[in-house]
Amino acid sequence: MFDDAAPMVRRATAIDPYHVQTRTHRAVLLAVEGQTSTALDELVHIADTFEDAHDARLFAGMLALQSDD
């Protein structure tokens, strides 16, 4: 399902690159592709920047747990 989501997330990012949910989904897809460190950095940045980015904080926590951090 992640492969199907990638084109939609890319298109949504092109429409509005600052949309919080889209940025969160893009970071999650980075983690799925194996770029966990980059994804975690982006999720933490999103969570710290936007007060309504609860999903970003949740996914960042999940990634941190996976890496025993």
How long is the gain from D3 to D41 if the chain were fully straight, where each residue apart is worth 0.36 nm and the alpha carbon distance is subtracted?
-> 11.5 nm
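Helix-only estimate, please: 222 nm mean residue ellipticity of the chain, summing -39500 (n - 2.57) across DSSP H runs of length 4 or more and dividing by its residues, to the nearest 500.
Numbers: 4 runs with 54 residues, N = 69.
Calculated from helices alone, the mean residue ellipticity at 222 nm is -25000 deg cm²/dmol.
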Averaged per residue, what accessible surface does the chain expose to a 1.4 Å probe, in Å²?
-> 71 Å²
Looking at segment 1-60, which GluC sites (Glu not before Pro) are DSSP coil and have at most 13 other C-beta atoms within 10 Å of their C-beta?
-> E33, E51
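The values are calculated or read from the model by the stated rules, or taken from the named source; none is laboratory data. As the structure is a computational prediction, the values presented were derived from the model and not from experiment. Methodologically, a virtual Cβ is constructed for each residue, glycine included, from the backbone with ideal geometry; neighbour enumeration extends over all protein chains shown. Ligands, DNA and RNA are excluded from the accessible area calculation, which covers all protein heavy atoms including side chains. Shrake-Rupley method; radii C 1.70, N 1.55, O 1.52, S 1.80 Å.
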